[in-house]
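The values are calculated or read from the model by the stated rules, or taken from the named source; none is laboratory data. What you see is a predicted model; the values in this text were computed from it and never measured. Because the Cβ atoms are built from the backbone with ideal geometry, glycine has one as well, and the counts that use them run over all protein chains shown. Surface areas here come from the heavy atoms of the whole protein model, side chains and all, with no ligands, DNA or RNA. Shrake-Rupley method; radii C 1.70, N 1.55, O 1.52, S 1.80 Å.
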Amino acid sequence: MAALRAAKQALRREIKSRVAAVSDQEKLRQSRVVSQKLFRHPKYLSSQRVAVFLNMHDEVATEDILQDIFRRGKTCFIPRYFTKSSHMDMLRLKDMEDMETLPLTAWNIRQPGDDDKHREEALDTGGLDLILMPGLGFDKSGNRLGRGKGFYDTYLERCRTHPKGKPYTIALAFKEQICAEIPVGEHDIVIDEVLHEDE
């Protein structure tokens, strides 16, 4: 277990430095390529209830995706992370204006405040069709390296017990985040697909 943790930490450091070397302009260019791939994806087109992360600086930009979700009349959910635990909820976002009203977290991303009790949580209602996932690193087999908090692994376990079952999962990545192999443990959930620019 300690060896797995150490391997993950070393890989996190390596990927972070690779992504840090990518210019903002290049990150934006790759984000657009990934977004266009998503907009043509049959699973995205057929999904009505979609969860998407609001990106940090070292993640694929998701603003175009949010706008597309609303333009197509899909129902959008975004994460609210509880930083003192591995608990996360997926809460309803009504539109882009709604997003602008959300407070900023210490990670400089917007999310509903802890006192925001009126938003629909995806699993309390109709579940989710698709989760668009962030992460630090991915391999071609769908193994994912997160930031070590376990938010998404824990949430996907909750999804499994929902009547709708586990949603389809698509990770959005820069090509610098793709690794030959991600070290994984028994609690790490494999994702269905990783979208990134082709080499």
Q: Please verify whether region 116-129 includes one or more residues that are of a type in the set (A, V, I, L, M, F, W, C), farther than 16 Å from I182 by Cβ and in contact with a strand residue (DSSP E or B) (Cβ under 7 Å, 6 or more places away or on another chain).
A: yes
Q | Sole residue being more than 22 Å from L66 (Cα to Cα) and either more than 15 Å from the chain's Cα centre (by Cα) or modelled with pLDDT of 95 or more (or both), chosen from E176, E197 | A | E176
(Q) Being among the aliphatic types (A, V, I, L, M) and part of a loop (DSSP other than H, G, I, E, B): is that true of I170 here? (A) no
**Q.** Matching residues, region 141-166, being open to solvent by 50 Å² or more (accessible area, probe 1.4 Å) and acidic (D, E)
**A.** E157
Q) Which one of the conditions (1) out of contact with any helix residue (DSSP H, G or I) (no Cβ under 9 Å at 6 or more places or on another chain); (2) without any contact (Cβ under 8 Å) to a residue 12 or more places away in the chain; (3) surrounded by 15 or more Cβ atoms within 10 Å (Cβ to Cβ) does P112 fail to meet, given that it meets all the rest? A) (2)
Q | Count of residues meeting criterion [open to solvent by less than 90 Å² (accessible area, probe 1.4 Å) and within 14 Å of I170 (Cα to Cα)] in region 32-41 | A | 6
Q) among the hydrophobic types (A, V, I, L, M, F, W, C), farther than 29 Å from T125 by Cα and open to solvent by less than 20 Å² (accessible area, probe 1.4 Å), is that true of L136? A) yes
Q. Does region 48-59 contain at least one residue that is among the hydrophobic types (A, V, I, L, M, F, W, C) and more than 13 Å from the chain's Cα centre (by Cα)?
A. no
Q) So which residues in region 167-193 are aliphatic (A, V, I, L, M), crowded, with 21+ Cβ neighbours inside 10 Å and farther than 18 Å from Y155 by Cβ? A) A173, I182
Q) Can A7 be described as among the hydrophobic types (A, V, I, L, M, F, W, C), more than 27 Å from D89 (Cβ to Cβ) and touching a Pro at 6+ places or on another chain (Cβ under 8 Å)? A) yes
